[in-house]
Amino acid sequence: MHVTLKGGAAKVAAQEAHSSASNGDGLQRRPTKALVDELLLEGQHLIREEVHLAKIQIRDEAKKVGKGAGAVGGAGIAAHTALLCFAACLVLALAGVMKAWVAALIVTVLFAGAAAGLFFWGRQRLKEAKPTEVVQNLQEEKQWMKDTLYRVKSHTHANA
């Protein structure tokens, strides 16, 4: 048996089925309907296993995103407090050379620009956390199942 990690459980089962068929374990003596029924049952089992694996992988990705978002949130609270103190210092420093409201407006615009930059940077990082490998594996399994069922049906109709 040859195990392929990328591609999922269906490929492993296909390779097992191929090796047992080549070993001559009596597949030629079994009725076609029984073989098709067994193939469908195995296919359902493989799909369930792939979905279970996908759920586990998605859960792991969600944990990573959750931890990252929590850390960013905590840092945001601490930074906000420090920023308020720094903003007050800037306003007081600028108020010595200009009117206080102009100093406050300048500091506000500076901090709003920094906040926008951080928001867009953080949003981009969150978008990058996608389970693309899981989705690709499921699509490969779906195509494999379609191809296999088509071959079985074609073979069944040809022998009928």
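The values are calculated or read from the model by the stated rules, or taken from the named source; none is laboratory data. Quick caveat: nothing in here was measured; it's all calculated off a predicted structure. Here Cβ is always computed from backbone atoms with ideal geometry, including for glycine, and neighbour counts include all displayed protein chains.
Details
- If you go through segment 39-69 and pick out every residue that is acidic (D, E) and either loosely packed, with under 10 Cβ neighbours inside 10 Å or touching a residue at least 60 places away in the same chain (Cβ under 8 Å) (or both), you end up with 2.
- Lone qualifier among V36, V97, V72, V107 - being at pLDDT below 85 and either surrounded by 13 or more Cβ atoms within 10 Å (Cβ to Cβ) or out of contact with any Lys or Arg (no Cβ under 6 Å at 6 or more places or on another chain) (or both): V36
- Test: K130 is part of a helix (DSSP H, G or I), surrounded by 10 or more Cβ atoms within 10 Å (Cβ to Cβ), charged (D, E, K, R) and out of contact with any helix residue (DSSP H, G or I) (no Cβ under 6 Å at 6 or more places or on another chain): no
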